[in-house]
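The structure appears right after this line, and notes come after that.
Taken together, the values in this text are just the output of simple stated rules run on the coordinates, not laboratory data. Since the structure is predicted, the reported quantities are computational estimates derived from the model, not experimental observations. Positions of Cβ are backbone-derived with ideal geometry, glycine not excepted, and every protein chain shown enters the neighbour counts.
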Amino acid sequence: MDLEFSDEQKLLADSANRFFDNNYDLPRRRERVASEHGFSPELWAEMAELGWFALRLPEAFGGFDGSAVESALIAEAAGRALAVEPLLSTAVIGAAAIARGANQELGEALGPKVASGECRVALAQAEPKSRFALERIETSAKADGDSLVLNGHKAVVFNAPAAHKLIVSARTSGDVASKSGITLCLVDAAADGVTMRDYQPLMACGRQRSNSSMCARKRSWERSTRVLTYSKPSSMKPM
């Protein structure tokens with residue numbers, strides 16, 4: 001088994017390290033955390049131009065069909081810089097959910113927007129009573145014509161404040177603990193009936209305090225944890 005990085009992976013790691021070395025230090029990081037967006041839209045656009053958001057998307061959805069190794073090399077460089085851009089939620093978790101869950105039509109429509117940085121996504125999976133049982137989903141999705149009406153409560157949604165779209169797990173059949181009958185639904189973060197509550201940041205001087213139930217936070221972590229409630233009908237597409 002060859003555990004050495006390929007030449008392309010080494011170039012990617014070098015490029016990512018140079019990018020964050022040139023664009024990050026503590027003063028600039030604090031400035032971005034305190035900004036309106038909580039991260040730098042300009043750096044986000046540059047990351048998109050480098051193709052980082054397309055790595056985990058399949059070619060059919062406008063991506064490069066890359067592996068976890070490439071994502072890990074970028075994440076290592078971003079972590080070393082304490083970067084606050086919502087890379088993990090969109091380029092890794094979100095892209096993986098789209099790759100595995102979206103049908104061809106939705107993937108072809110959404111994938112290129114994620115790859116270009118135009119659309120940021122966040123996975124709304126955890127619920128207050130689910131703890132470590134990932135299949136315990138109380139949020140329901142009921143058919144209403146061509147749309148679904150979602151009702152429920154999600155907690156600890158990583159990078160929700162930065163997201164344009166939420167990928168929400170909801171139960172379409174079975175009881176609350178069934179491992180089957182769970183559907184991923186794509187919801188506009190600004191849709192009617194979606195309410196959110198930010199958790200206050202618990203961070204000072206670049207250091208972060210959190211416990212396991214709150215997840216890491218900045219404004220990509222610091223303001224990322226939101227509670228989502230769905231109460232009114234709106235147009236929601238199953239993935």
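General observations
- Global form of the range 91-150, assessed from the alpha-carbon gyration tensor, a/c cut-off 1.5: oblate
- Qualifying GluC sites (Glu not before Pro) in the range 97-135, DSSP loop, other Cβ atoms within 10 Å at most 16: GLU118, GLU135
- Taking a ≥ b ≥ c as the square roots of the Cα gyration tensor eigenvalues, the range 1-50 comes out prolate, since a/c reaches at least 1.5 and a/b is larger than b/c.
- Summing charges over neighbours of ALA133, with a neighbour being any other residue whose Cβ is under 10 Å away from its Cβ, gives +2 when K and R count +1 and D and E count -1.
- Between amide H atoms placed 1.01 Å from N, distances below 5 Å from GLY62 occur with no residue 5 or more places distant or on a separate chain.
- Between the range 31-65 and the range 72-128, the Cα center-to-center distance that results, in Å: 9
- Using only side-chain charges placed at the Cβ, +1 for Lys and Arg and -1 for Asp and Glu, the dipole size of the range 1-42 relative to its Cα centre rounds to 360 debye.
- Taking the fewest neighbouring Cβ atoms within 10 Å as the starting point, the ordered list for MET1, MET196 is MET1, MET196.
- Rounded if a/c under 1.5, otherwise prolate or oblate - the range 7-118, Cα gyration tensor axes: oblate
- Near THR139, the amide H atoms lying under 5 Å from its own belong to HIS153, ARG171; only residues 5 or more places off or on other chains count, and H is placed 1.01 Å from N.
- Residue pairs, from the table LYS10/LYS165; LYS129/LYS179; LYS142/LYS165, whose Cα atoms sit over 27 Å apart: LYS10/LYS165
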